[in-house]
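Notes to accompany the following structure.
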Amino acid sequence: MNQTKPLSRDARQEASLDLPVDPPRPDESKQSWVYRQIRERILRGVLPSGGRLPSTRSLAARWHVARSTVEAAYDQLRGEGYTAGAVGSGTYVAAVIPDNFFRHGLPGDMAMAPAAAGAPPASGRAPRLAPDGDHSVPPLRHEPPFTARGADASLFPMAAWRQGLQASARRVTAAQLAREDPQGWYPLREQIARYLGAARGIACDADQVVVLTGIRDGLDLSARLLLTPRDKVLVEDPGYLNAMPLFSQYTRRVVPVAIDPHGFSVARARRHHGVRLVHVTPAHQSPTGITMPVSRRLELLDWAAQAGCWILDDDYDSEFNYDGAPLAALKSLDRADRVIHCGSFNKTLFNALRIGYAVLPRPLVADFARARYLTGRSSSIVEQMTLAAFLEDGGFARHVRRARPVYAQRRDRVLRMLRQAVGAAPLRVSGEQAGFHLVWWPPPCIDVAALLARARTLGLGLQPVAEFCRRVSWPTGVVIGYSARQEADLDRLEALLREVAGVS
């Protein structure tokens, strides 16, 4: 069954949008306003599954906006899976949005509610701040050098950052140096909450944000607080290399779940009982780059609420999308308050910054703050102040806008190399729409083992997808990082691909 089609011919009556509309929010574009009005009506069930939306011409006249504005909003809704069809042939509310999601309020209603108002119960146990002594820690798997799956620090505006550091050092008080907030500097948390609302669609406030040293810090703290040796954790397979070693410090029941073409498989997750925590990368699956569609995200959230488990959303490179706007974060749909959203400025700015963040379910905030205090983990107050100012004055947004086309050009060059290498065979890649890397699935004519061996001698750090697998067997994919590669590095990669492909 094609689930992108309307439910039935009987359900195709035009959905009414002759309803009171909210005024645009400050600095909200007309396209974003139209998109938000329709999306909220879909999620509330006002626009039913299979219902036909008005034509772009009709809605533009009704809401007094340009037709091109409505067309752009319709395109965004269709790209995110909320609608199906095409301009000119009819646009319908997608049938795959789970009906049981419609019976509840919008995610933002829960995200902004106090903990007492229907929030899931707290763990009911004191946070465990150290692993049990009888657990052996598996050896960490170190990534090879020069994988180039992070920000290019040479693009960072170091002069402006240096000035910011100096200004923060002059401004910081003795009291601020003597005492730190275990959740992080409050003005920085305010800026993070504001940024996530605008960029990732997450309705949160500063009290839900905790400043971390990075995403791994968030994974480790979550495991310390939420897991006992009896608890089960589900991770993606193939998946993030550091997830399993981190979780294995606290429980032996870390279970890889094979992904499918839509990312983490909820159908396979349902076969497991006693699941306490799930680690997912829905925006840009690590390593395949798959983007989890809205329907799968809602299915995942619905299952987590039923199973009473927590979801760790590892949002590691969402700032860099090259072919369109990213989907809103999983947390933006989290009506049951089950998602811990983790992100990092280390990936976006430069790795040595060591500032990340988590947006927490409200019942976990106090325990996270206590854990941060007891473990003594924190980031420099001066750097936190500088980052807050960098976000507030637009420096962060300017840097992302400058870096994005540079990374896109490097990606495009890699894609051209790969097209040349495969010759007449079709080019198969995944994850190229966003992030810092893509996965190439070479045709049979390419000797992948020879390619990887030669890459190691050249220090290019290409990785087979098989290295990211735990139980599944995916032997032919090659992970290619491009974001931090300079022209000379790309020249070496091009020469290598020509050599292996036998291109003169």
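The values are calculated or read from the model by the stated rules, or taken from the named source; none is laboratory data. Just so it is clear, the model here is predicted, and its values are computed rather than measured. Because the Cβ atoms are built from the backbone with ideal geometry, glycine has one as well, and the counts that use them run over all protein chains shown. Ligands, DNA and RNA are excluded from the accessible area calculation, which covers all protein heavy atoms including side chains. Shrake-Rupley method; radii C 1.70, N 1.55, O 1.52, S 1.80 Å.
Here are the numbers for this structure:
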| quantity | calculated |
| --- | --- |
| Conditions (1) at pLDDT 95 or above; (2) more than 25 Å from SER378 (Cβ to Cβ); (3) of a type outside the set (D, E, K, R); number of the one not met by THR228 | (1) |
| Counted residues, segment 23-53 - those being at pLDDT below 80 and acidic (Asp, Glu) | 1 |
| Filter result (part of a loop (DSSP other than H, G, I, E, B) and of a type in the set (Gly, Ala, Ser)) within segment 218-242 | GLY239 |
| Single condition GLN409 does not satisfy, out of (1) touching an Asp or Glu at 6+ places or on another chain (Cβ under 8 Å); (2) open to solvent by 10 Å² or more (accessible area, probe 1.4 Å) | (1) |
| VAL406 vs. criteria more than 22 Å from TYR186 (Cβ to Cβ), hydrophobic (A, V, I, L, M, F, W, C) and in contact with a helix residue (DSSP H, G or I) (Cβ under 7 Å, 6 or more places away or on another chain) | yes |
| Number of positions in segment 376-396 that are out of contact with any helix residue (DSSP H, G or I) (no Cβ under 8 Å at 6 or more places or on another chain) and on the phi < 0 side of the Ramachandran plot | 3 |
| Unique residue being in contact (Cβ under 8 Å) with a residue 24 or more places away in the chain, of a type in the set (S, T, N, Q) and closer than 21 Å to SER265 by Cα when the list is SER332, SER344 | SER332 |
| Checklist (1) in a loop (DSSP other than H, G, I, E, B); (2) modelled with pLDDT of 95 or more; (3) out of contact with any strand residue (DSSP E or B) (no Cβ under 7 Å at 6 or more places or on another chain) applied to LEU301, failing item | (1) |
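Each row is one residue, and each column tells you yes or no for (1) small (Gly, Ala, Ser); (2) touching a residue at least 60 places away in the same chain (Cβ under 8 Å); (3) farther than 25 Å from VAL479 by Cα; (4) open to solvent by 40 Å² or more (accessible area, probe 1.4 Å).
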| residue | (1), (2), (3), (4) |
| --- | --- |
| GLN208 | no, yes, yes, no |
| GLY214 | yes, yes, no, no |
| VAL233 | no, no, yes, no |
| PRO238 | no, yes, no, no |
| PRO261 | no, no, no, yes |
| SER265 | yes, no, no, no |
| HIS272 | no, no, yes, yes |
